[in-house]
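Colleague: So that we are looking at the same thing, I have put the structure below in structure tokens.
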Amino acid sequence: MKRLLVVDDDPDILRLLKAILEAYQFAVELASNGREALDRVRAMVPDGIFLDLRMPVMDGYEAFDILRREHPGVPIIIITASNTGDVSRHMRARGARGCLVKPFDPQVLRTTLREAFGWTPGGA
Amino acid sequence: MTLRIKLLSYTFCVILMVGGAISLYAIAQGRHYVLTTFQGECHDTAAMMAELVANDVYVLNLLSLRNRLANMRINPTIRYTYIMDADGVVLADGTQANILRDQRLPAALGADLLQREVWLSRIDAGGLTVGGPLWLSDGHRIGSLVVGFSLDRVNRLVHEATHASLYLTLTCLGIGACLAFWVSTRVSRPIAAMVHAARAIGAGDLTTRVHLQRRDELGRLAEAINGMAAGLEQGQAMLHGKIAETQALYEIGQEITAQVVLGPTLQLIVERACSLLQAERCLLALRRGEGQSFAFQASSGTLTEELARLHFRPGEGLSGHVVLTAAPQVVDDYLQDYRESPFLATAAMAGIRSAVAVPLRARGTIIGVLMVTSRVPHQFGSDDQQRLSALADQAAIAIENAQLYEAVRQHAAVLAAEVETRTRELQASNARLKELDRLKSEFVSDVSHELRTPLTSIKGYIDYLLEGIVGELSPPQHDFLTRVQGNIDRLVRLITNLLDLARIEAGQVDTHLVTFAMAEVATEVLETLRPLAVDKGVALGLDIPERGGLVRADRDHLAQVLLNLLHNAVKFTPIGGKVRVRIEARPPGEVLTVVQDTGEGIPAEELARIFDQFYQVNPASAPTRGSGLGLTIAKKLVELYGGHLWVTSQLGQGSTFGFTLPAVGMEANG
């Protein structure tokens, strides 16, 4: 079972993603800002990270840079409420594996999981 | 031929003719006299000889006759002589041989010699022949005597006399010539001098004079010429004076009319008037506003306080008098002529004794008075008055121009201030609008972001409820949640579009420029929409050009435009209808994309509004409601890339949406 870390300042979204991802057979850890995320990763390196960009304490951009530097092998999927193609292009250029624009369709999430972690419905 | 030569030759001809005639007459007379005298002498000689030989002829003493004749022939003038008897027979011929003895000679003096009792004489080439009778004392004629005289001596005498006469004549001619020369010189020289002078005067040298000390007509003529030259010189000097004055006036006029500001204009006028009239002081008064009061505004030197304070009305003092009569005034002695003036004391203090004052007239009204003054009485004449009047004419124009300029300038300043205030207000309001615009964009962006976050949760939970992740739903639950989901999706679209529009309007849209074929994007978009079209029973078609149709833009943006147009077309086309996309490259350098449907069409009155924000055509007929922003965004995006989007439609026949984009060549790829 793959372990994923979901980082978002909105507890409802954390709760939602935890429920869906667990339903999709992932072990899910949660963090509500960049600082917390870094602590979690230092305690245990996950197989993948869902990272929101606008957060208090430490935002997703800063956390992204540190995570990329310290754990370049861990795929990071950006979650953003900004719908311009620009953010997505920008973060992909810096090494993000995927980008989920809020609000996202279940189909898009499943496609992302398949592409990033080789997930298949009902499998793993 | 000059007068001198004419005079000389005429005089000489007259002298020559008169001298020649006198000379010829004298020669003829001299010759006649000499011959007559000689003839007389010869007669006397012959008569004396006849007395001497008469006795010998009587006694016929031939020897004595011969001797006597020989003796006679000692006289060199006697060439020959012979004596004839009463019958004309020669008795002796005076030669030793006496060869003519007894010969009857042809009558040398004619046949009547022998009969005539007086002495005859004849002159021929040979000389003078004298012949006459020989008488006895009793008066009996016994023969004749013929004597031939040589004319050599006479001829010599005549020659000498002729020569003398000729010499005399020549001398006279010489003297005459000299006289003629002198006379001609005396007459022609002054004439030449006068001609020279007249020419010089004609050429403009009016100082030329003829120096001739004569009392005759030539002398008077010279005086007349000198008088004329003097007159011309004086006239020319006057003319030059006038020209210089006119020139000075003109220059002053130019100078003062070149000024536009009133103060310096007035100062310049008084300074120039002062120098033009060589006056001590010049004053200038102007009407105050529109009223009847005048005040001194400028003075050469400084305007004293007394003068500056002084106001006068028409009729008061000298200046008032000028205003009242509208005529120039020359004052010889102010203290005498203006004893009644209310300004006598001021004038006396200001040192005004004599003056010229002229009105300043502009467009028929008196706008002021220009005055020059002197401390000395009787300083100005009518000449000064004329000059000052001429200057005043120019000055009045300049003053009026300056006053107009002043008015215009004040008006312009008011306008400029107004414009500046308005501009500042506009700038402020513009800045405020910009700020508001920025705040609006920021607000929209923030709101959109903040809305998305809760929407993500709502949409997520509903989506996964509907997927049955947390358990099966009853059919009504499923139905309700599906309706919620549809509205949530619409809300998301609305927010997304709002944010897009805000970005485009704020110029904050991010563009990722690439060169691509419009046909490629069209194909992709068409494929995306195919499931929807199949569901609705609408046929999709694509006409693409063989080559070309390349544009440079953000691919995603154009896909969004095309998706919007095609989605609308499919949405509003009923079952069995057709939606066609046509792309063509057309000159000059445009790529045209047309989306044509066979839908219900758009009413004409709504066509103009369909690009407005939130405007929706007949929303009730649409199966799903859009945001009302799609076309607005599409139009703005096309315009962002230099293109233009339009629509044509006919109710019941369908609609055609078209847009153009600038075409790029293959080489611009990348």
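Colleague: Just checking, which of A:P121, A:P56 is under 30 Å from B:V444 (Cβ atoms) and open to solvent by 20 Å² or more (accessible area, probe 1.4 Å)?
Modeller: A:P56
Colleague: Let me ask you something else. Please find, among A:A31, A:A27, A:A23, the residue that is within 14 Å of chain B (Cβ to nearest Cβ), aliphatic (A, V, I, L, M) and open to solvent by less than 70 Å² (accessible area, probe 1.4 Å).
Modeller: Residue meeting the stated conditions: A:A23.
Colleague: Let me ask another. Restricting attention to segment A:1-20, which residues are surrounded by 16 or more Cβ atoms within 10 Å (Cβ to Cβ), away from chain B (no Cβ under 11 Å) and aliphatic (A, V, I, L, M)?
Modeller: Within segment A:1-20, A:L4, A:L5, A:V6, A:V7 meet the criteria.
Colleague: For segment B:360-368, state whether one or more residues are exposed (fewer than 15 other Cβ atoms within 10 Å of the Cβ) and part of a helix (DSSP H, G or I).
Modeller: Scanning segment B:360-368, I find no residue that is exposed (fewer than 15 other Cβ atoms within 10 Å of the Cβ) and part of a helix (DSSP H, G or I), so the answer is no.
Colleague: Sticking with this one: Hey, can you tell me all the residues within segment B:492-550 that are under 30 Å from B:P587 (Cα atoms), polar (S, T, N, Q) and open to solvent by 20 Å² or more (accessible area, probe 1.4 Å)?
Modeller: B:T511, B:T523
Colleague: For B:D554, are the conditions met, namely being under 15 Å from B:T632 (Cα atoms) and of a type in the set (D, E)?
Modeller: On the way: under 15 Å from B:T632 (Cα atoms): no; of a type in the set (D, E): yes.
Judged against the criteria, B:D554 is not a match.
Colleague: Testing A:D59 on (1) at pLDDT below 90; (2) in contact with a strand residue (DSSP E or B) (Cβ under 9 Å, 6 or more places away or on another chain); (3) within 13 Å of chain B (Cβ to nearest Cβ), one condition comes back false. Which one is that?
Modeller: A:D59 satisfies every listed condition except (3).
Colleague: Tell me, please, whether a residue that is in a helix (DSSP H, G or I), away from chain A (no Cβ under 14 Å) and among the polar types (S, T, N, Q) can be found in segment B:430-447.
Modeller: yes
Colleague: All but one of (1) in contact with a Phe, Trp or Tyr (Cβ under 9 Å, 6 or more places away or on another chain); (2) aliphatic (A, V, I, L, M); (3) under 20 Å from B:S448 (Cβ atoms) hold for A:V101; state the number of the condition that does not hold.
Modeller: Exception for A:V101: condition (1).
Colleague: In segment B:452-568, which strands (runs of 3 or more DSSP E) lie fully inside it and hold 1 or more residues that are at pLDDT 85 or above and within 14 Å of another protein chain (Cβ to nearest Cβ)?
Modeller: In segment B:452-568, the matching strands (runs of 3 or more DSSP E) lie at B:513-517, B:550-554.
Quick grid of which residues meet (1) under 26 Å from B:R375 (Cα atoms); (2) open to solvent by 60 Å² or more (accessible area, probe 1.4 Å); (3) over 28 Å from the mean Cα position of the chain (by Cα):
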position: B:I201; (1), (2), (3): no, no, yes
position: B:L221; (1), (2), (3): no, yes, yes
position: B:E255; (1), (2), (3): no, yes, no
position: B:V261; (1), (2), (3): no, no, yes
position: B:L286; (1), (2), (3): yes, no, yes
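Colleague: Can you tell me which residues in segment B:25-74 are of a type in the set (G, A, S) and exposed (fewer than 12 other Cβ atoms within 10 Å of the Cβ)? Talk me through it step by step, then tell me what you get.
Modeller: From segment B:25-74, those of a type in the set (G, A, S) are B:26, B:28, B:30, B:40, B:46-47, B:50, B:54, B:64, B:70; that's our starting set.
Correct list: B:G40 only.
Colleague: I would also like to ask the following. Need the failing condition index for B:V195 against (1) farther than 19 Å from B:G231 by Cα; (2) among the β-branched types (V, I, T); (3) outside any strand (DSSP E or B), just the number.
Modeller: With (1) farther than 19 Å from B:G231 by Cα; (2) among the β-branched types (V, I, T); (3) outside any strand (DSSP E or B) applied to B:V195, the lone miss is (1).
Colleague: Now a separate question. Name the single residue, out of those in segment B:388-440 being open to solvent by 60 Å² or more (accessible area, probe 1.4 Å) and hydroxyl-bearing (S, T, Y), that is farthest from B:G368 (Cα to Cα).
Modeller: Restricting to residues being open to solvent by 60 Å² or more (accessible area, probe 1.4 Å) and hydroxyl-bearing (S, T, Y), the top hit is B:T421.
Colleague: Could I ask something else about it? Taking A:D86 as meeting all but one of (1) crowded, with 16+ Cβ neighbours inside 10 Å; (2) of a type outside the set (G, A, S); (3) within 14 Å of another protein chain (Cβ to nearest Cβ), write down the number of the exception.
Modeller: Status for A:D86: all satisfied but (1).
The values are calculated or read from the model by the stated rules, or taken from the named source; none is laboratory data. Note that this is a predicted model, so its numbers are computed, not measured. No Cβ is skipped: glycine too gets one built from the backbone with ideal geometry, and neighbour counts run over all protein chains shown. Note: areas computed on protein heavy atoms with side chains; ligands, DNA, RNA excluded. Shrake-Rupley method; radii C 1.70, N 1.55, O 1.52, S 1.80 Å.
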